[in-house]
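Report on one structure; see the data block that follows.
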Amino acid sequence: MPAPSASEIENLAKAALQSASLRGENAPDLAAALGQICGQAFTLFVSMAMVAPGIPAAAPPPPGAGSTAGPGTLLPPPAGGPSAAMIEPIAVGMLASNKINGEKQGALAKAIAQSIEQALTLFTTQVMVAPGMAIAGFTTTAPGSLVGAAPAKPMLQPLVLGFLQSGGIRGQNAPDLAGAIAETLSNALTQMMARLKVTPGIPSTPGATAAPGRLM
């Protein structure tokens with residue numbers, strides 16, 4: 001399964017919350033909710049993700065065989081992944097099902113959704129399709145790999161903190177919570193990147209791919 005499961009992400013979230021010294025009675029519930037929200041959002045991303053056409057190729061006719069000769073790009077959300085508006089109702093439901101029902105529940109759900117959308121946007125910016133996908137008969141015939149790096153915690157943390165603060169979540173633990181969410185997202189996206197492949201079957205001209213590709 002390319003996207004990390006909810007239970008895998010929950011374990012990452014538990015470790016991130018503990019490292020941020022967030023060990024209150026609701027910490028396990030928050031970790032479970034983060035795992036479930038991210039698990040669903042990343043599964044949506046894999047189903048929606050698109051590789052942009054136009055990857056340089058060297059497949060001269062005849063017989064239209066060769067390989068891709070340059071990197072490919074991923075489309076960002078909302079075209080190539082879930083938007084915050086799609087993720088937010090998932091977040092509300094998962095927070096509620098894990099008994100996180102305080103007055104800031106809606107603000108927390110919105111901040112988590114915005115954070116995930118931003119993390120996925122950065123992921124599609126920093127991660128590329130590696131050159132070298134085999135082409136035969138003007139179609140890619142083997143899975144492609146991804147290169148680059150998922151967004152790191154230091155890049156995500158100020159963004160997450162901004163989303164939390166804009167929702168009125170400004171307590172002394174807000175920076176620690178932002179760090180834990182950022183660390184969870186970074187680690188989960190790194191796991192996902194290592195598992196994802198580009199699906200074969202992308203049409204190609206002699207000089208470039210001619211249609212979008214998908215991830216698997």
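The values are calculated or read from the model by the stated rules, or taken from the named source; none is laboratory data. Only a predicted model underlies this, so the values are computations on that prediction, with no experimental measurement involved. Using ideal geometry, Cβ is built from the backbone for each residue, glycine included, and neighbour counts are taken over all protein chains shown. Only protein heavy atoms, including side chains, enter the accessible area calculation; ligands, DNA and RNA are left aside. Shrake-Rupley method; radii C 1.70, N 1.55, O 1.52, S 1.80 Å.
Of note:
- Scanning region 130-145 for residues that are buried (at least 23 other Cβ atoms within 10 Å of the Cβ) and out of contact with any Pro (no Cβ under 6 Å at 6 or more places or on another chain) returns Met133, Ile135, Gly144.
- Against the conditions (1) β-branched (Val, Ile, Thr); (2) over 20 Å from Thr121 (Cβ atoms); (3) modelled with pLDDT of 95 or more, Ile100 satisfies every one except (3).
- Flag for Gly162 being open to solvent by less than 50 Å² (accessible area, probe 1.4 Å) and assigned to a loop (DSSP other than H, G, I, E, B): no
- Yes/no for Pro212 being in contact with a strand residue (DSSP E or B) (Cβ under 6 Å, 6 or more places away or on another chain), surrounded by fewer than 24 Cβ atoms within 10 Å (Cβ to Cβ) and not aliphatic (A, V, I, L, M): yes
- Residue within region 180-196 that is at pLDDT 95 or above, surrounded by 16 or more Cβ atoms within 10 Å (Cβ to Cβ) and outside any helix (DSSP H, G or I) present: yes
- Enumeration of residues in region 48-67 that are open to solvent by less than 20 Å² (accessible area, probe 1.4 Å) and in contact with a Ser or Thr (Cβ under 7 Å, 6 or more places away or on another chain): Ala52, Ile55, Ala57, Ala59
- Test for Ser145: is it under 12 Å from the mean Cα position of the chain (by Cα) and among the hydroxyl-bearing types (Ser, Thr, Tyr): no
- Residue pairs whose Cβ atoms lie under 7 Å apart, separated by 6 or more positions or on different chains, with the first residue in region 33-46 and touching a residue at least 60 places away in the same chain (Cβ under 8 Å) and open to solvent by 10 Å² or more (accessible area, probe 1.4 Å) and the second aliphatic (A, V, I, L, M) and in a helix (DSSP H, G or I), are Gln36/Ala6; Gln36/Met94.
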